[in-house]
Each structure stands twice: as structure tokens, then as C-alpha cells.
Amino acid sequence: AQSVTQPDIHITVSEGASLELRCNYSYGATPYLFWYVQSPGQGLQLLLKYFSGDTLVQGIKGFEAEFKRSQSSFNLRKPSVHWSDAAEYFCAVHTGTASKLTFGTGTRLQVTL
Amino acid sequence: DSGVTQTPKHLITATGQRVTLRCSPRSGDLSVYWYQQSLDQGLQFLIQYYNGEERAKGNILERFSAQQFPDLHSELNLSSLELGDSALYFCASSVVGGIGETQYFGPGTRLLVL
């Protein structure tokens, strides 16, 4: 069965610093990959998604992610973090057998001023 | 604002009771999904409907049921509630429920079972 691993439960970065959140997936073929953000008390908002083609995907709010097949990874990056980026970030996967999303356990981002 | 609405926002009830959560999908979306977010289980897929028909089932308990109505809104019914059912329940919608489609999430219903 497909699975998603987010190895970092909690990350703290200073405002203005760069950010990388890790995501690894387990699936035999090329999956459809997503990053969602959940702000406190809010629903999930899609940041970006990867289906095929260019392995570097641009999203909203200045986020990007890179798909690396050899490492089964889809890490999320942002060059300069803003205090408003503090939230929980979820990596998720669709696979070819079901349209449900399988989520990782999430990474909580704290931004210090 | 995703365009997906969920009511109520908060629900407090007692063990053994039954509740109904309501979801209205984005305009034009035919498929609705339900997810449960809890501290111990994380975000888990419960069930998917497409145009009134059940399409996929996940880790949904037998005490839980759902349906999608002709106007495409959906309801999730939770019965014989237990303390462990306390969670945030999300509804999401997508155009036709296909692989790779973006799912748009509502703000969730927070259920507290006392």
C-alpha cells in the first residue's frame, strides 16, 4: 500500500531563513503528490501538486517542491520564511488505484522573529 | 475560502449519541470526500461519493455512514458515539473525483464527545 513519511514532526526557523520540509513516499509507480497547509483552526489549503513533467513545481505563497524519483522524495522549500508561514504542513499522495489522499503525519512549522 | 462549506463548526455531545455533519461542495463539483483528523490517527480518508453514489471507502467505522443527496450536498452520520470519535472531520470536494484531481477542503467540524 502507498504511504507517506514526513520525518520531521516539528521544525523551528527564523523569519527570513530558508525552509525545507521533507516528504518521502512509498509507491511503485509515479504517484500524484501534493502539499497542503493547515493554519490553526483552518481547513487544508493546497500549496502545490506534482503529476508529471518538470520535477520542480511552483506553488502559492512562494513555495516550491522538487520531485526526486531516485530518492522517492517530494520536499517542500521556501527561500525566505515569513512569520505568517507558521502552520502545519502535510504531504499527501494519490496513487493509480484510488482517488483518496493518503497523508503524512504532518510537520509543524514554528517561525521565530 | 475554498468554496466548500461545513456545518456545524463545533459540536459537543455525549457518548452514545448520534450526530450529523453536513457538507456543501464547491459549485460544479460532483465528488465529495470525508476525512477524519485525530491526534492518534492523523488525517484519514473515510469515504468518497460521486454524484450520489458511493465510490470508495476507507477506514470508516460501521457506526458511521454517509450519503450524498441529489443537490450534491453530503452528510456524515456518526452514531453510538465514543470518546475516541472526538476529532476534526473534514469534507473535501473535487470535480469528478478522478485520480490526481485537486481536492478542496472545507474548514472542518470539530466534534467533542464527552
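Remarks
- For A:Lys61, the aspartates and glutamates whose Cα comes closer than 13 Å to its Cα, not counting residues fewer than 8 places off in the same chain, are A:Asp85.
- 3J(HN,Hα) from dihedral phi, the range A:82-91, Karplus parametrisation 6.51/-1.76/1.60, rounded to Hz, x for glycine, proline: 10, 4, 6, 7, 4, 4, 10, 10, 10, 9
- Per residue of peptide B:4-13, the mean number of Cβ atoms on other chains within 10 Å of the residue Cβ is 0.
- Counting only other chain Cβ atoms within 10 Å of each residue's Cβ, the peptide B:40-46 averages 4.
- Label-to-label distance for A:Thr105 and B:Ile12 is 3.1 nm, based on points extended 7 Å past Cα in the beta-carbon direction.
- Gyration tensor over alpha-carbon atoms, the protein assembly as shown, equivalent ellipsoid semi-axes in Å: 29, 21, 16
- Other protein chain C-beta atoms within 10 Å of residue C-beta, averaged over B:104-112: 3.
- Chain B: relative contact order as a whole-number percent, Cα under 8 Å and 6+ apart: 37
- Overall shape of chain B was characterised from the C-alpha gyration tensor. The equivalent ellipsoid obtained from it has semi-axes of 23, 13, 13 Å, in decreasing order.
- Here's how it looks for B:Ala56: its modeled amide H is under 5 Å from those of B:Gln48, which are all 5 or more places away or on a different chain.
- Subtracting the Cα-Cα distance of B:Glu53 and B:Ile99 from their residue separation scaled by 0.36 nm leaves 14.9 nm.
- Bridging of B:Lys9 to lysines at a Cα separation below 25 Å is possible for A:Lys100, B:Lys57, once same-chain residues fewer than 8 apart are set aside.
- Our summary gives the range A:34-113 a relative contact order of 26 percent, counting only alpha carbon pairs under 8 angstrom and 6 or more residues apart.
- For A:Lys68, the lysines whose Cα falls under 20 Å of its own Cα, not counting residues fewer than eight places away in the same chain, are A:Lys49, A:Lys78.
- With θ taken as phi - 60° and the Karplus curve 6.51 cos²θ - 1.76 cosθ + 1.60 applied, the whole-hertz 3J(HN,Hα) list for the range B:10-26 is 9, 8, 10, 8, 10, 4, x, 7, 10, 9, 10, 9, 10, 9, 10, x, 4 Hz, x standing for glycine and proline.
- Between A:Ile9 and A:Thr112, the contour length at 0.36 nm per residue exceeds the alpha carbon distance by 35.4 nm.
- Entry note: the range A:36-113 has Rg to Rh equal to 0.97, where both radii use alpha-carbon atoms and Rh is the Kirkwood radius.
- Whole-angstrom gap from the range A:76-113 to the range B:33-67, using each part's C-alpha centre: 21
Bear in mind these aren't lab numbers, they're just calculated from the coordinates by the rules spelled out. Since this is a predicted model, take the numbers as computed values, not measurements. So basically every Cβ, Gly included, is an ideal-geometry build from the backbone, and we count neighbours across all protein chains shown.
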